[in-house]
Every structure is written in C-alpha cells, then in structure tokens.
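The values are calculated or read from the model by the stated rules, or taken from the named source; none is laboratory data. Keep in mind the model is a prediction, meaning the values are calculated, not measured. Glycine gets a Cβ as well: all are built from the backbone with ideal geometry, and neighbour counts include every protein chain shown. Please note that ligands, DNA and RNA were not included when accessible areas were found on the heavy atoms of the full protein model with its side chains. Shrake-Rupley method; radii C 1.70, N 1.55, O 1.52, S 1.80 Å.
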Amino acid sequence: MIKNSLFGNTEETEYKLLSSESKDGVSFEVRRYEAAKYAVVSSEGRTFDQVTGELVRKLLMYIGGSNEQGEAMGTAAPIIITVYPRNDGVLSRRLVVAIRVPSVYQQSPPTPTDSAIKVEERPGMTVYTLQFGGFAGESEYRAEASRLTRTLGETAPFQRKQYFCCSYDPPLKPYGRRNEVWFLQEEP
C-alpha cells in the first residue's frame, strides 16, 4: 500500500468539463462523470474528523492489495466522502467514503477481504465543483460548501440533502494540496 500511495501513479477520475464559471469572485466548474465501479465503506455514529482517516485507510488497503486476489491496483483520486448536512449545516454522523476502482479493474474488481468494504456501480453524475487547497477537515469542507451554496444561489438545481467532500492528495503531502466540494446537479 505504501509503495502504491507514495511512489506509484495515481489515476485521476476522468470527467467532461461542461463549463467553468465565476460569480461574485468565486470560480467553480460544472463537470460530468460517467458511471463506474467504486469501493465504498460507510460509518454511522462518529463525526467526520473522527472516522474519515480510518475509512480512507481501509480503502487504500483494499486497492493496495488487501483483497482476495492479492492484487495491488495502484491508486486512484479523488477519495470521495458523501456527507449529509442537517438544516443548520452541521454534518450528520453518517458518511460514505468511496474511491473509484482503477480503470484496468473496472470490468472485474478484486473481491474485498474486509467485509465493511463493498464494490458498487455508481451512476453517472453532473456536479458543481469548488476547488480549494490546504488540509481539509469537517470545518473546511463545511465552509467551502457554504461558499458554493451562496455562489450558486437558492434556485440552482442541486441536491441539498447530501454533498461530496473530495481529496486528491496523500495525507503526508505538505503543500499544493487539492480538495473539492461537489454538489450533485438535479437531473432535469
């Protein structure tokens, strides 16, 4: 796993850029991601900051070779954390962490040995994306989600019951970090 995450190539999930926009000094993108298989693990009862590291490690172990086939798949980015905000913006204690199965394994992903990990087919999606740097925890993601909500406005067609917190970098990367908040566009 360590070799994969530090020295291997990271496969970034491909998307189609639909638009790049700026409103009130805030730049965001609208992207289309195709359907794909993801390794997924979920948690209820603990906060975002308490549990994300543990869940991300489980997924990195899986793609790093802790699977029934012993297959090291390389690494993929981003790690996508689905969160469910309450009406006051505070995140509920339920979250789902996912990583896209690398392309070579999309047809037949290795079977996880950890029963907490499931491989699921996720449908294609269109997202509003806001990128930011630094180390991101719950408070940073909440602040950026709030900024994207204000930028898009009340009438923008996106799901408000959930959003995605995305991280592209290994935890020890000290600078030049890339994080994103994704809002799922409501399909017409």
> For the chain, what is the Kirkwood hydrodynamic radius in Å, using each pair of distinct C-alpha atoms?
Replying inline: 17.1
>> Probe radius 1.4 Å, ligands and nucleic acids ignored: give me the carbon and sulfur share of the accessible area of the chain as a rounded percent.
In response: 49
> So for 114, 24, what's the accessible-area order with a 1.4 Å probe, most first?
Replying inline: 24, 114
>> Net charge around residue 151, counting only other residues with Cβ within less than 13 Å of its Cβ (Lys, Arg = +1; Asp, Glu = -1)?
In response: -2
> For the stretch 145-188, which GluC sites (Glu not before Pro) are in a loop by DSSP, counting at most 14 other Cβ atoms within 10 Å?
Replying inline: 154, 186
> What trypsin sites (Lys or Arg not before Pro) does the stretch 82-147 have in DSSP loop regions with at most 10 other beta carbons within 10 Å?
Replying inline: 86
> To the nearest 20 debye, what charge dipole does the stretch 74-171 have about its Cα centre, counting +1 at the Cβ of each Lys and Arg and -1 at the Cβ of each Asp and Glu?
Replying inline: 280
> How far, in nm, would the chain grow between residue 143 and residue 119 when pulled straight, counting 0.36 nm per residue and subtracting the alpha carbon separation?
Replying inline: 5.6 nm
> Which net charge results when you count Lys and Arg as +1 and Asp and Glu as -1 among the other residues whose beta-carbon is under 12 Å from that of residue 103?
Replying inline: -2
> For the Cα atoms of the chain, what angle does the longest principal axis make with the long axis of helix 138-152, in degrees from 0 to 90, nearest 10?
Replying inline: 50
>> Given axes a ≥ b ≥ c from the Cα gyration tensor, I'd like to know whether the stretch 31-72 is rounded (a/c under 1.5), prolate (a/b larger than b/c) or oblate.
In response: oblate
> So how tilted is helix 48-63 from the main axis of the chain? Cα-based, degrees 0 to 90, rounded to 10.
Replying inline: 40
>> How large is the convex hull of the C-alpha atoms of the stretch 72-161 per residue, in Å³?
In response: 141
> What is the local net charge at residue 165, summed over the other residues whose Cβ is closer than 14 Å to its Cβ (Lys, Arg +1; Asp, Glu -1)?
Replying inline: -1
